[in-house]
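Student: Encoded as structure tokens, here's the structure I'll be asking about.
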């Protein structure tokens with residue numbers, strides 16, 4: 001009988017085990033599939049827009065488009081600041097292998113200099129990675145052509161065209177127009193703080209000085225954008241959408257270019273400033289500060305050498321003498337002080353004093369000399385202006401006191417900003433008790449007041465302040481803001497400047513204004529007038545007041561024997577025609593100037609404006625003694 005064998009495998013158990021394992025595997029696969037489907041759903045459905053946006057950011061770029069900057073014209077439509085296309089070579093450093101060798105290879109292609117490379121490295125340090133950085137600006141057509149032929153050798157380099165500001169009249173208008181230059185870190189910080197930085201996304205330059213700075217918001221325009229599709233190398237394939245930029249507004253200035261250039265030529269040899277205005281509305285017809293400089297140097301990026309030469313020039317060409325130059329206004333203030341003294345009752349129209357050539361401070365042995373050592377004799381207000389008698393105004397200053405003097409001269413605009421549409425302006429000093437205590441920690445003495453009566457002492461002013469005060473006098477106390485903007489052009493429509501100041505000082509019907517103006521008329525037309533020689537033969541009637549601001553204080557002053565920079569400043573204010581004034585001006589010749597006298601220059605300017613005459617010639621004057629009030 002044979003024994004039964006026990007099978008080696010239990011198929012039933014194995015089958016059950018397999019089923020269990022298959023079920024587990026199925027469940028795992030099912031779970032994993034579910035997870036995969038869930039993730040796919042999350043990626044494709046839930047976060048579709050997010051990832052699509054990221055994808056588009058890699059494929060679609062938003063490129064800013066710079067607006068065209070507004071043109072600046074003179075009152076007759078002559079362009080003073082315009083735009084022209086320039087080409088510059090730009091580079092993305094991260095895309096260039098062996099950058100230094102590549103830059104060396106470029107030297108002969110585009111005339112690359114060490115200064116170009118130094119500027120590039122400086123810009124690179126403050127730029128983000130993968131940013132296009134200028135390597136050389138203002139390429140000429142030959143350089144552009146040479147690079148185009150060799151471009152295959154320089155991957156990562158590209159020539160781009162930009163609009164660049166250009167000032168066709170160079171130094172003639174620098175202190176009015178100013179200039180634009182590259183946006184720097186301070187500009188970025190300011191623009192960001194003002195919330196307008198995005199509007200400069202495609203802009204390289206910004207107004208730095210003058211009209212360019214003051215009217216930056218008007219001239220700049222609004223940045224546009226284009227949406228473009230790019231390939232994996234960053235090159236544009238096609239444009240998807242465009243929001244065109246809005247060009248900046250054109251502006252017209254009150255300046256007469258021909259008059260501006262004429263006056264600049266008159267002042268060629270002098271450190272000087274001239275402001276010419278229309279007293280009827282405050283329009284500035286000419287504003288000249290000499291010496292000046294070419295603003296185009298700054299537009300293209302001035303070299304350190306050239307900048308240091310300007311900065312260290314003893315004649316200080318960077319200063320706008322018309323609005324920033326501060327000088328004692330000297331005897332030019334005597335008509336204004338006359339109005340103030342009459343208005344406060346310190347004197348009347350018949351007040352008379354005797355002038356022996358000096359005035360003595362009561363209770364003191366201190367004597368203040370008149371420029372005319374033998375004196376003017378009997379003086380009233382009219383004669384005191386005509387002959388510029390210091391002693392009369394010493395007495396007036398003493399009787400008024402510094403408080404009333406300062407209050408009234410502030411009404412005329414001294415010690416205050418004039419409101420002219422330039423950021424580069426200084427207020428000068430209209431001294432007060434509080435000012436001296438704050439400045440010198442000393443009280444105000446009566447002796448401090450006396451020289452203020454003749455525009456000296458602590459009192460300093462700018463030529464633009466002198467013109468504003470003169471316009472106020474001409475208009476019998478009606479204050480007008482001097483301004484350079486004539487109109488703005490918006491969508492083809494001219495928007496004229498609106499005079500914002502409408503203040504009346506003093507009594508318009510008092511007759512005091514006429515008395516002061518009559519004194520100025522005498523200066524230019526009466527035989528004893530301090531400026532009459534300059535106006536002999538003029539076919540119109542002018543009114544003027546000269547002044548001498550002392551620089552070198554010494555009894556034995558002799559201009560021919562002292563250094564030029566220690567000689568007296570010569571000043572004058574004037575207006576014409578007397579009966580119906582259409583022009584008012586102020587002038588300062590530092591240290592007396594070189595060439596024509598201040599009176600001669602005023603006559604030449606008035607002749608040019610009123611007669612169109614460029615040929616007025618009067619003799620140069622020899623140096624005059626200190627304080628002399630002739631022109």
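Student: Taking the stated definitions as given, is residue 377 surrounded by fewer than 18 Cβ atoms within 10 Å (Cβ to Cβ), free of Cβ contacts under 8 Å to residues at least 24 places away in the same chain and on the phi > 0 side of the Ramachandran plot?
Tutor: Here the answer is yes, as residue 377 does meet what is asked.
Student: Within the range 192-201, which residues are in contact (Cβ under 8 Å) with a residue 12 or more places away in the chain and either within 19 Å of the chain's Cα centre (by Cα) or assigned to a helix (DSSP H, G or I) (or both)?
Tutor: Correct list: 198, 199, 200.
Student: Do any helices (runs of 4 or more DSSP H) entirely within the range 274-375 hold 3 or more residues that are assigned by TED's automatic domain parsing to the domain that holds residue 456 and at pLDDT 95 or above, and if so, which?
Tutor: Hits in the range 274-375: 334-343.
Student: Provide a single number: the residues in the range 525-541 that are over 37 Å from the mean Cα position of the chain (by Cα) and assigned to a loop (DSSP other than H, G, I, E, B).
Tutor: 7
Student: Confirm whether residue 85 is within 30 Å of residue 138 (Cα to Cα), loosely packed, with under 11 Cβ neighbours inside 10 Å, modelled with pLDDT of 75 or more and in the same structural domain as residue 142 (by TED's automatic domain parsing).
Tutor: yes
Student: Taking residue 442 and the conditions (1) touching a helix residue (DSSP H, G or I) at 6+ places or on another chain (Cβ under 7 Å); (2) modelled with pLDDT of 95 or more; (3) surrounded by 20 or more Cβ atoms within 10 Å (Cβ to Cβ), which numbered condition does it fall short on, given that it satisfies the others?
Tutor: So the condition that residue 442 fails would be (3).
Student: Also, I was wondering about something else. State all residues of the range 495-523 that are touching a strand residue (DSSP E or B) at 6+ places or on another chain (Cβ under 8 Å), farther than 25 Å from residue 419 by Cα and without any contact (Cβ under 8 Å) to a residue 60 or more places away in the chain; if no residue qualifies, say none.
Tutor: 521
Student: Could you list, in sequence order, the residues of the range 453-468 that are within 19 Å of residue 573 (Cα to Cα) and either surrounded by fewer than 24 Cβ atoms within 10 Å (Cβ to Cβ) or out of contact with any helix residue (DSSP H, G or I) (no Cβ under 7 Å at 6 or more places or on another chain) (or both)?
Tutor: 456, 460, 461, 462, 463, 464, 465, 467, 468
Student: Pull up the range 202-212, narrow it to residues that are touching a residue at least 60 places away in the same chain (Cβ under 8 Å) and either closer than 22 Å to residue 160 by Cβ or surrounded by fewer than 18 Cβ atoms within 10 Å (Cβ to Cβ) (or both), then point me to the one that is nearest to the chain's Cα centre (by Cα).
Tutor: Top of the filtered list is 205.
Student: When the range 574-628 is examined, which residues are found to be modelled with pLDDT under 95, surrounded by fewer than 18 Cβ atoms within 10 Å (Cβ to Cβ) and either in a helix (DSSP H, G or I) or within 27 Å of the chain's Cα centre (by Cα) (or both)?
Tutor: 611
Student: Looking at 545, 517 in this structure, which one is touching a helix residue (DSSP H, G or I) at 6+ places or on another chain (Cβ under 7 Å), farther than 11 Å from residue 386 by Cβ, modelled with pLDDT of 95 or more and in the same structural domain as residue 369 (by TED's automatic domain parsing)?
Tutor: 517
Student: Right, another one. Would you list the helices (runs of 4 or more DSSP H) that sit entirely within the range 94-190 and hold 2 or more residues that are surrounded by fewer than 17 Cβ atoms within 10 Å (Cβ to Cβ)?
Tutor: Passing ranges, in order: 99-110, 114-125, 141-150.
Student: Now, a different point. What residue, among those in the range 122-146 that are over 23 Å from residue 202 (Cβ atoms) and touching a residue at least 24 places away in the same chain (Cβ under 8 Å), is farthest from the chain's Cα centre (by Cα)?
Tutor: Selected residue: 146.
Student: If you scan the range 489-506, which residues turn out to be modelled with pLDDT of 85 or more and loosely packed, with under 11 Cβ neighbours inside 10 Å?
Tutor: Selection gives 493, 496, 498.
The values are calculated or read from the model by the stated rules, or taken from the named source; none is laboratory data. Note that the structure is predicted; figures quoted are calculated from it, not measured. All Cβ positions, even for glycine, are placed from backbone atoms using ideal geometry, and neighbour counts span all protein chains on display.
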